[in-house]
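I have placed the structure first, in the form of structure tokens, so that the comments after it can refer back to it.
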Amino acid sequence: MQFWSGTPFMEVADAIAVAKMVDEAGYDGIICADHLIYPRELKSPYPDSPTQKPPWRPDTSWPDPWVLIGAMAAVTTTLRFSNAIYIAPARPLLEVAKQVATASVISGGRVSLGVGAGWMREEYELMGQDFGNRGSRLDEMIPALRALWAGGWVSWNGEHYQVPELMIEPHPPGPVPILCGGESEAALRRAARLCDGWVGYAYGWDDAVRYAQKLTDLRGHYRRGDEPFDILLALLEPPTPDLYKRAEDAGITAVMCAPWMGAEGVPSGGVERFRGPIEQFAETVIAKVNA
């Protein structure tokens, strides 16, 4: 079982210090979330919300994930980095390829890309990208990125993207795992058919197992059942070693955890407030699961 921490709703400078703490405590990875902006006139409905509004304040910080990953990579040695999730189709293909490749090189190959189609039309329009065909463009972007990361003279000729032969350097030192986020049928099929894993949200036990089984079935449908595949999600259950061992048996390979989070969110105070919960969780849960 892999244990991943997170940076959402944290002060940007704190996230860099926390990355070093979780690296030293033996966690496997840390995730970054992504939003470009919060428009004054937000018309796009937020999914699964009775108010159709997102649950965060407009002034919530969403640092650029690749800048943040580069900074965290510089102060860590083994920690891996990924997204939950990165709205890749809201950006130009070559921009995504360049940013991820650079982060991969800086981190020594410790980067995964967790992509999703997103829900905010305003972000797409401000970036000059088509919101209506974002799903089909993401389907094409995934193999296109793999081709562009190969090194040397590379090109891509598809329905949505055409890239003439060129060199884009630096290229990653090895394959960059691509994970897909989203709970729709299209997103789950995209993950099972095209990706190296799936990134979920936070679930009770029954829902978590249901998604894991659904992905296993879909991978079998696409004849990919024997290939490595990560399922990364958070569990809305009291954290115990037994819980995570059962999750692993159910096909969940990685869990997101934020041991410092209480009923009112991130506690106030200096950055050292994170250290105690991080180390305690590592001692009482991670060490026993991986013993």
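The values are calculated or read from the model by the stated rules, or taken from the named source; none is laboratory data. These numbers come from a predicted model, not from an experiment. Every residue, glycine among them, receives a Cβ derived from its backbone with ideal geometry; neighbour counts consider all protein chains shown. Note: areas computed on protein heavy atoms with side chains; ligands, DNA, RNA excluded. Shrake-Rupley method; radii C 1.70, N 1.55, O 1.52, S 1.80 Å.
At-a-glance table
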{"item": "Unmet requirement for ASP226, which otherwise passes all of (1) outside any helix (DSSP H, G or I); (2) within 23 Å of ILE286 (Cβ to Cβ); (3) open to solvent by 20 Å² or more (accessible area, probe 1.4 Å)", "result": "(2)"}
{"item": "In the range 52-76, the residues that are free of Cβ contacts under 8 Å to residues at least 24 places away in the same chain and farther than 19 Å from ALA90 by Cβ", "result": "GLN52, LYS53, PRO55, ARG57, ASP59"}
{"item": "Set GLU125, GLU41: member being in contact with a helix residue (DSSP H, G or I) (Cβ under 9 Å, 6 or more places away or on another chain) and open to solvent by 30 Å² or more (accessible area, probe 1.4 Å)", "result": "GLU41"}
{"item": "Considering residues of the range 91-100 that are among the hydrophobic types (A, V, I, L, M, F, W, C) and surrounded by fewer than 24 Cβ atoms within 10 Å (Cβ to Cβ) only, the residue nearest to the chain's Cα centre (by Cα)", "result": "VAL96"}
{"item": "Candidates GLY116, GLY132, GLY152, filtered to the one that is out of contact with any Cys (no Cβ under 6 Å at 6 or more places or on another chain), of a type in the set (Gly, Ala, Ser) and without any contact (Cβ under 8 Å) to a residue 12 or more places away in the chain", "result": "GLY132"}
{"item": "Output for the range 242-276, where each listed residue is hydroxyl-bearing (Ser, Thr, Tyr) and either at pLDDT below 95 or in a helix (DSSP H, G or I) (or both)", "result": "TYR244, SER268"}
{"item": "Residues of the range 4-58 classified as in contact with a strand residue (DSSP E or B) (Cβ under 6 Å, 6 or more places away or on another chain) and of a type outside the set (D, E, K, R), total", "result": "11"}
{"item": "Checklist (1) loosely packed, with under 12 Cβ neighbours inside 10 Å; (2) of a type outside the set (Phe, Trp, Tyr); (3) more than 23 Å from ALA84 (Cβ to Cβ) applied to GLY151, failing item", "result": "(1)"}
{"item": "THR216, sole failed condition from (1) more than 21 Å from ARG91 (Cα to Cα); (2) buried (at least 20 other Cβ atoms within 10 Å of the Cβ); (3) β-branched (Val, Ile, Thr)", "result": "(2)"}
{"item": "Residues that are open to solvent by less than 60 Å² (accessible area, probe 1.4 Å), free of Cβ contacts under 8 Å to residues at least 24 places away in the same chain and touching a helix residue (DSSP H, G or I) at 6+ places or on another chain (Cβ under 8 Å), drawn from the range 157-181", "result": "GLY158"}
{"item": "Criterion: of a type in the set (Phe, Trp, Tyr) and crowded, with 18+ Cβ neighbours inside 10 Å - qualifying residue of TRP119, TRP66, TRP56", "result": "TRP66"}
{"item": "Residue within the range 264-282 that is among the basic types (Lys, Arg), surrounded by 13 or more Cβ atoms within 10 Å (Cβ to Cβ) and in contact with a Pro (Cβ under 8 Å, 6 or more places away or on another chain) present", "result": "yes"}
{"item": "Of all residues making up the range 182-211, the number that are within 20 Å of ARG223 (Cβ to Cβ), free of Cβ contacts under 8 Å to residues at least 40 places away in the same chain and open to solvent by less than 10 Å² (accessible area, probe 1.4 Å)", "result": "4"}
{"item": "THR51, sole failed condition from (1) more than 19 Å from GLN99 (Cα to Cα); (2) β-branched (Val, Ile, Thr); (3) open to solvent by less than 50 Å² (accessible area, probe 1.4 Å)", "result": "(3)"}
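Conditions (1) in contact with a Pro (Cβ under 7 Å, 6 or more places away or on another chain); (2) within 29 Å of THR240 (Cα to Cα); (3) of a type outside the set (D, E, K, R), marked per residue:
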| site | (1), (2), (3) |
| --- | --- |
| PRO170 | no, no, yes |
| PRO173 | no, no, yes |
| GLU183 | no, yes, no |
| ARG189 | no, no, no |
| ARG193 | no, no, no |
| TYR201 | no, yes, yes |
| ALA208 | no, yes, yes |
| TYR211 | no, yes, yes |
| THR216 | no, yes, yes |
